[in-house]
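**Student:** Questions regarding the structure given below will be posed in turn.
The values are calculated or read from the model by the stated rules, or taken from the named source; none is laboratory data. Bear in mind that the values here come from a model prediction, so they are computed numbers and not experimental data. Every residue, glycine as well, gets a Cβ built from its backbone with ideal geometry; the counts of neighbours run over all protein chains shown.
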Amino acid sequence: MPLSSPVPIRSGPPAPTRRRLLQATVLSGATLLVGGTTACTEEPTDPANERVELSVFWWGGKERATLTERALALYSRRHPSVTFRLTWQGETGYYDRLATQTMGGNAPDLFQIDDGHLSEYAHRRIVLDLTDFVADGRIDLRNLPPSLVQYGRIGGRTVAVAAAGNTPGLIYNRSLLRRLKLPEPHIGMSYDEFFRWIGTVGRRSEGRVAGTMDPSGDYRALWLWLRTHGRELYHGRQVGFTVDDLTRWLDMWQSARSNRTAPGPVVVRATDEPDPARQPIVSGRVATVFAWADELPELQRHTGDELAVISYPGAPEAHWARASMYWAGFHGTRHPQTVADVIDFLTNETEVGRVLGAERGLNANLNIRRVVEQSLTDQGMKRVAAFENAMSSRFGPAPVPPPKGHGRVRALLATTAESARSGQQTSRGAAIQFIARANAALVS
C-alpha cells in the first residue's frame, strides 16, 4: 500500500555534523513528497541551484513507512533542493514489482533489497556500484561490523549497504527450563552437546515437550552447520557441499525425530502457521526453535513465559553479521552522488537511528546502535540486542551473498527435508536428488 499524501516540513533542521556542513555546500533541504516512483533527471552540475527528486521503494508495513518517511524528511530539511517520492508495499510481490519497474526503465533511484536477490541484481547490473563512494569516504562504513560490510560486496565491489543487522538465533523458553530445573543452552554448544541437552528436556518433561524444532529444511541452519564443518552453502554457481554432507545432515535430524527429541511432521508444519500465538515455542510444545533473533519480541508478546536467544549450535564463528535488508541504488540513476549521500545519511546520522529504532532490525552502525539501545523499552528487543552484542566479537568472515537461484534452492531444501521426514525417500536418496536439482536451478 503506497503512501500518497505530501508531508509538510514545519520544524527546523537538526544540528548538522561537520561532515554534513561540508556536504551542505553542494546539497540543501526541501519538502518531502510521497507517492509513486518517477523517472530521474540528470545529476545537476551545481546541485545547490537545481532541484532533485529521488524515487525510493521498499517493502514493509505502515510503521516502517511512517518511520522511513520521517527519516528521509530529516534529509530534506538539511538539503532543500532534494525531495523524495516514496512507494512501499508488503513483501509479497515486491520483487515482481521491482522487476517490472526495472524492465520498464522506471526503477527507483534507491530501494530496499535482501541478500537472496543481491547477487542477481549485481550481476545484471541493476544496482549502483558504490565502491568509489566507500573508498573516498562519501559513504562511511567504518562503524559497521566488518563482516556486515563484506556481506554487501559482490566480486570485490560494494553494491549495497546494510539497512540493519540481524542474526539467526536459537530462541528458547527460559521459564519452561526453570520449571524443569534444567540449565539453559549456551553460545558455543556443539551439536553433540545440544542433542544430549534436548534429550534431557524430553525426559524431564516426560515426553510432553520436545527439545527443539526440526530445522532440517531450513537453509539458515544447514548453512551454519556446514560452516562449522568448513564448508559453505554455495561455491560460485553450485552448492558448496556434497551428497554425503547433506545425507549426514538429514540423518542427524531423522535420529532426533526417532528419539523424540524433535517433533514429527505435524508439529513441524505448525511453524508455517502465520499466527505467532500458534507457534510451538509459544504453545509450549517445544523448548527451542531455530529462527531469526529479531523474531523473539513478537513471539514474546504471545506468551507469559520468558523467551531468550543464543546462537545456533556449533562454532560461533560460523555466524557472521548479516543484513536484515540493504539499501541499494539503481545503476541507471541520474543522481548517483545524491543517492550515495542519502545512503550515507541513513547509515551514519544518529537522529536517523533514533527515528528508525529497531523496526528493520538493530542499527548496522555500532555507535548508533548503542544510542538506540538506551531507548529500547521492549524487553524482548533488549534481549536481542544483548545477544547481538555478545556475538559481535565472535562473528566470522562473511561468505559471498547467495547467487541467483537461491530462492529455488531454499524451496528445494524444504521439500527435500519433508520427503525424508515423511519417509517418502531415504536421506541419501533425497540428498542425491537435491544436489542435482539445486545445481540445475543455480545455472539456469
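**Student:** Assuming Tyr312 fulfils every condition listed in (1) farther than 30 Å from Asn106 by Cβ; (2) crowded, with 20+ Cβ neighbours inside 10 Å; (3) hydroxyl-bearing (Ser, Thr, Tyr); (4) not assigned by TED's automatic domain parsing to the domain that holds Leu182 apart from one, which condition is it?
**Tutor:** (4)
**Student:** Additional query: Here is a check on your reading of the model: is Phe345 part of a helix (DSSP H, G or I) and touching a Phe, Trp or Tyr at 6+ places or on another chain (Cβ under 8 Å)?
**Tutor:** Here the answer is yes, as Phe345 does meet what is asked.
**Student:** Being of a type outside the set (Lys, Arg), in a helix (DSSP H, G or I) and under 24 Å from Gly116 (Cα atoms) is the filter here, so list the residues in the stretch 388-410 that pass it.
**Tutor:** Glu388, Met391, Ser392, His406, Gly407, Val409
**Student:** Can Leu170 be described as over 22 Å from Pro297 (Cβ atoms), out of contact with any Lys or Arg (no Cβ under 7 Å at 6 or more places or on another chain) and of a type in the set (A, V, I, L, M)?
**Tutor:** For Leu170, the condition - over 22 Å from Pro297 (Cβ atoms), out of contact with any Lys or Arg (no Cβ under 7 Å at 6 or more places or on another chain) and of a type in the set (A, V, I, L, M) - is not met.
**Student:** Hey, any hits in the stretch 205-220 for a residue that's among the aliphatic types (A, V, I, L, M), out of contact with any Pro (no Cβ under 8 Å at 6 or more places or on another chain) and outside the structural domain of Thr68 (by TED's automatic domain parsing)?
**Tutor:** yes
**Student:** Exactly one of (1) surrounded by fewer than 20 Cβ atoms within 10 Å (Cβ to Cβ); (2) in a loop (DSSP other than H, G, I, E, B); (3) among the small types (Gly, Ala, Ser); (4) in contact with a Gly (Cβ under 9 Å, 6 or more places away or on another chain) is unmet by Ala364. Its number?
**Tutor:** Single failed check for Ala364: (1).
**Student:** Can you list residue pairs whose Cβ atoms sit under 6 Å apart, with the first residue in the stretch 142-159 being in the same structural domain as Glu120 (by TED's automatic domain parsing) and farther than 12 Å from Ala364 by Cβ and the second being part of a helix (DSSP H, G or I) and not hydrophobic (A, V, I, L, M, F, W, C)? Count only pairs 6 or more apart in sequence or on different chains.
**Tutor:** Qualifying pairs under 6 Å: Ile154/Ser119; Arg157/Thr131; Thr158/Thr131.
**Student:** Sort out which residues of the stretch 285-310 are of a type outside the set (Asp, Glu), out of contact with any helix residue (DSSP H, G or I) (no Cβ under 6 Å at 6 or more places or on another chain) and closer than 17 Å to Gly165 by Cα, and write them in order of number.
**Tutor:** Across the stretch 285-310, the qualifying residues are Ala291, Trp292, Ile310.
**Student:** Are any residues in the stretch 388-412 free of Cβ contacts under 8 Å to residues at least 24 places away in the same chain and closer than 23 Å to Ser216 by Cβ, and if so, which ones?
**Tutor:** If the condition is that a residue be free of Cβ contacts under 8 Å to residues at least 24 places away in the same chain and closer than 23 Å to Ser216 by Cβ, then Ala411 is the only one that fits.
**Student:** Among the residues of the stretch 370-384, write down those that are outside any loop (DSSP other than H, G, I, E, B) and either closer than 11 Å to Thr167 by Cβ or touching a residue at least 60 places away in the same chain (Cβ under 8 Å) (or both).
**Tutor:** Correct list: Gln379, Gly380, Met381, Arg383, Val384.
**Student:** Still on this structure, I have one more. Filter the stretch 134-167 for residues that are in a helix (DSSP H, G or I) and either β-branched (Val, Ile, Thr) or in contact with a Lys or Arg (Cβ under 6 Å, 6 or more places away or on another chain) (or both); which is surrounded by the fewest Cβ atoms within 10 Å (Cβ to Cβ)?
**Tutor:** So the residue we want is Val149.
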